[in-house]
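The values are calculated or read from the model by the stated rules, or taken from the named source; none is laboratory data. Since the model is a prediction, treat every value here as computed from it, not as a measurement. Glycine also receives a Cβ, built like all others from the backbone with ideal geometry; neighbour counts cover every protein chain displayed. Surface areas here come from the heavy atoms of the whole protein model, side chains and all, with no ligands, DNA or RNA. Shrake-Rupley method; radii C 1.70, N 1.55, O 1.52, S 1.80 Å.
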Amino acid sequence: MKPKKNTCKMIFLMIAWIVIPLGMSAQINVIFDTDIGSDCDDAGAMAVLHKLADRGEVNIIGVMFSSNANRYGVGACHAINTYYGRPDIPIGQYMGEDEIGDPNDSYSALIARATDKYGHSLVDSTTEIVSLYKKLLADQTDSSVTLVSVGHPVALFHLIRDPQGMDLVKRKVTKWVAMTHTDRIPQNDWNFGRNGTDKYIKELLKRWPTDAYFSGAGEDIITGNRKLPNTGDRNPVKAAYEFWPGNALKNGRSSWDQIAVLFAVRPEYFNIEPGCLRQNDNMETFWTTAIDPDLTKRFKVVPRIPKDTLEDTIETLMAENPR
C-alpha cells in the first residue's frame with residue numbers, strides 16, 4: 001500500500017528542515033550573552049551553539065557572562081568552551097556596581113571549581129564585559145555580527161551608552177536576538193524585569209539601534225533527558241542538567257535559550273511577526289503588534305516547525321560529541 005501524497009510531502013518537509021540547513025546556511029559571527037548558573041537551558045544553548053559551529057554554520061567570537069551576583073558563571077562557560085575544543089573563545093564578565101542576576105547558583109560553582117575534571121582554567125574572574133564587547137566588535141567587518149542574549153542584557157545597555165560602543169553596534173551588528181517574555185499580557189520577566197534588570201530595559205529598548213528579534217518560545221519544548229544522559233561524565237553540559245534542582249537529566253527542561261540560538265543560526269525554522277516590545281510603569285514587559293516608526297525593526301520569533309522536530313533537533317545537537 002502506497003503512502004498518501006500528503007504523508008509523503010510531510011516526510012519530505014521534515015527531512016528538509018533537518019538536512020537543508022547543514023549545507024546551505026551561511027556562517028554567521030555570534031557573540032553569546034548568558035546568565036548561566038540559575039537554569040540549565042543556558043548550558044544547553046551553549047552546547048547547541050558549539051555543535052552548529054562544528055557544522056560550519058556559526059563562528060563563536062565571544063561569550064559574555066551577564067551576572068555579577070554569581071561569579072562562577074565564568075568558569076562554567078570556560079568549561080563548556082573547553083569541552084567543545086574552543087578554550088580560546090574570549091569570555092567577558094559583568095562587573096557593574098548594581099547586583100545583576102540570580103545569586104542562587106544551581107551548578108556553575110560545582111563546574112567552575114572542577115578544573116581537573118573539565119580541563120579549563122578560568123574559575124571566577126575574567127575580562128570586563130563592555131570593554132570586551134568593544135574589542136570584539138572593533139575586530140569584525142561591518143554588518144557581520146549577531147548578538148544573542150539569553151540572560152540579563154544590562155551590558156548591552158552600558159555598551160550603547162558608551163559613545164564608542166554605540167558606534168560599533170551601529171556599524172558591526174546586524175541584529176540582536178534576545179530570549180525574553182513575548183506575550184501580550186505584561187509580565188515581570190526573568191531577563192528583562194527581575195534580577196536587578198528592570199530599570200535598564202526601557203532605555204535599552206528605545207535606543208537599541210539595530211533590528212531586534214525577541215524569542216519567548218520553548219517552555220513546552222522539553223530536552224536534556226533523552227540523548228544527553230548517554231554522553232560522557234566529563235561533559236559539563238550533562239553536569240549542568242544533572243545538578244539543576246529539577247534533575248533535568250532525568251526529567252528534561254524547557255528549551256527557551258536553545259530556541260533563541262537556533263533562530264539566530266537557522267531562521268528558516270521560524271516565522272517572525274513585526275511589532276514592538278515595551279515596558280510599562282510597573283516594569284513589566286509585553287509584546288504589541290503596534291509598530292513604532294521611530295524604532296528600528298522589531299520582531300517576535302515564532303516556531304513554524306513541529307514541536308517534536310524542534311525537540312529532536314535540539315536534543316541531537318546537545319548530545320553530539322565535540323568535533
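Check 234, 323, 278 and return the single one that is of a type in the set (D, E, K, R), part of a strand (DSSP E or B) and either touching a residue at least 24 places away in the same chain (Cβ under 8 Å) or closer than 30 Å to residue 116 by Cβ (or both).
On the way: 234 fails: part of a strand (DSSP E or B); 323 fails: part of a strand (DSSP E or B).
Criteria check complete, one pass: 278.
Quick one: would you say residue 75 is crowded, with 24+ Cβ neighbours inside 10 Å, of a type outside the set (Lys, Arg), touching a residue at least 60 places away in the same chain (Cβ under 8 Å) and closer than 20 Å to residue 235 by Cβ? Steps first, answer last, please.
Values: crowded, with 24+ Cβ neighbours inside 10 Å: yes; of a type outside the set (Lys, Arg): yes; touching a residue at least 60 places away in the same chain (Cβ under 8 Å): no; closer than 20 Å to residue 235 by Cβ: yes.
It is false that residue 75 is crowded, with 24+ Cβ neighbours inside 10 Å, of a type outside the set (Lys, Arg), touching a residue at least 60 places away in the same chain (Cβ under 8 Å) and closer than 20 Å to residue 235 by Cβ.
Scan region 168-175 and tell me whether some residue there is over 22 Å from residue 260 (Cα atoms) and at pLDDT 95 or above. I'd like the intermediate steps shown before the answer.
Within region 168-175, the subset over 22 Å from residue 260 (Cα atoms) is 168, 171.
Filter once more, keeping what is at pLDDT 95 or above: 168, 171.
Looking for residues that are over 22 Å from residue 260 (Cα atoms) and at pLDDT 95 or above, one finds at least one in region 168-175, hence yes.
I'd like to check something: does region 233-256 contain any residue that is surrounded by 23 or more Cβ atoms within 10 Å (Cβ to Cβ), out of contact with any helix residue (DSSP H, G or I) (no Cβ under 7 Å at 6 or more places or on another chain) and β-branched (Val, Ile, Thr)?
no
Taking into account only those residues within region 191-202 that are outside any loop (DSSP other than H, G, I, E, B), open to solvent by 10 Å² or more (accessible area, probe 1.4 Å) and not hydroxyl-bearing (Ser, Thr, Tyr), which is nearest to residue 255 (Cα to Cα)?
Step one: list which residues in region 191-202 are outside any loop (DSSP other than H, G, I, E, B), which gives 198-202.
Filter once more, keeping what is open to solvent by 10 Å² or more (accessible area, probe 1.4 Å): 198-200, 202.
Subset that is not hydroxyl-bearing (Ser, Thr, Tyr): 198-199, 202.
Numbers: 198: 23, 199: 27, 202: 26 Å.
By that ranking, first place goes to 198.
Quick grid of which residues meet (1) among the basic types (Lys, Arg); (2) outside any loop (DSSP other than H, G, I, E, B); (3) at pLDDT below 95:
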| site | (1), (2), (3) |
| --- | --- |
| 121 | no, no, no |
| 130 | no, yes, no |
| 134 | yes, yes, no |
| 147 | no, yes, no |
| 166 | no, yes, no |
| 182 | no, no, no |
| 204 | no, yes, no |
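When residue 295 is evaluated against the numbered criteria (1) free of Cβ contacts under 8 Å to residues at least 12 places away in the same chain; (2) assigned to a loop (DSSP other than H, G, I, E, B), which criterion, by number, is the only one it fails?
Failing condition for residue 295: (1).
Could you tell me which of the residues 25, 66, 38 is modelled with pLDDT under 95 and within 17 Å of the chain's Cα centre (by Cα)? Can you show your working first?
On the way: 25 fails: within 17 Å of the chain's Cα centre (by Cα); 66 fails: modelled with pLDDT under 95.
After ruling out the rest, the residue left standing is 38.
May I ask you to list the residues in region 168-180 that are in a strand (DSSP E or B) and among the β-branched types (Val, Ile, Thr)? Outline the logic, then answer.
Filtering region 168-180 down to residues in a strand (DSSP E or B) leaves 173-179.
Answer for region 168-180, where residues must be in a strand (DSSP E or B) and among the β-branched types (Val, Ile, Thr): 173, 174, 177.
Is one or more of the residues making up region 80-97 open to solvent by 20 Å² or more (accessible area, probe 1.4 Å), more than 25 Å from residue 267 (Cα to Cα) and charged (D, E, K, R)?
yes
Hey, can you tell me all the residues within region 112-134 that are free of Cβ contacts under 8 Å to residues at least 40 places away in the same chain and either open to solvent by 70 Å² or more (accessible area, probe 1.4 Å) or within 26 Å of residue 256 (Cα to Cα) (or both)?
116, 130, listed by residue number.
Taking the condition touching a Cys at 6+ places or on another chain (Cβ under 8 Å) and over 18 Å from residue 181 (Cα atoms), does residue 224 pass? Show your work before the answer.
Values: touching a Cys at 6+ places or on another chain (Cβ under 8 Å): yes; over 18 Å from residue 181 (Cα atoms): yes.
Yes: the conditions hold for residue 224.
Test residue 188 against the stated conditions and say whether it is farther than 14 Å from residue 39 by Cβ, in contact with a strand residue (DSSP E or B) (Cβ under 9 Å, 6 or more places away or on another chain) and either among the small types (Gly, Ala, Ser) or surrounded by fewer than 16 Cβ atoms within 10 Å (Cβ to Cβ) (or both). Reasoning before the result, please.
On the way: farther than 14 Å from residue 39 by Cβ: yes; in contact with a strand residue (DSSP E or B) (Cβ under 9 Å, 6 or more places away or on another chain): yes; either among the small types (Gly, Ala, Ser) or surrounded by fewer than 16 Cβ atoms within 10 Å (Cβ to Cβ) (or both): yes.
Yes; evaluated as a whole, the condition is true for this residue.
Residue 264 fails exactly one of the following numbered conditions: (1) more than 19 Å from residue 174 (Cβ to Cβ); (2) open to solvent by less than 10 Å² (accessible area, probe 1.4 Å). What is the number of that condition?
(1)
Name the single residue that is nearest to residue 211 (Cα to Cα) among those in region 137-172 being open to solvent by 10 Å² or more (accessible area, probe 1.4 Å) and among the aliphatic types (A, V, I, L, M). Show your work before the answer.
Of the residues in region 137-172, the ones open to solvent by 10 Å² or more (accessible area, probe 1.4 Å) are 138-144, 157-158, 161-164, 166-167, 170-172.
Narrowing further to those that are among the aliphatic types (A, V, I, L, M): 138, 166.
Numbers: 138: 19, 166: 14 Å.
Among them, the one singled out is 166.
Only one of (1) open to solvent by less than 30 Å² (accessible area, probe 1.4 Å); (2) within 25 Å of residue 97 (Cβ to Cβ); (3) among the aromatic types (Phe, Trp, Tyr) is not met by residue 214, so which one is it?
The number of the failed condition is (2).
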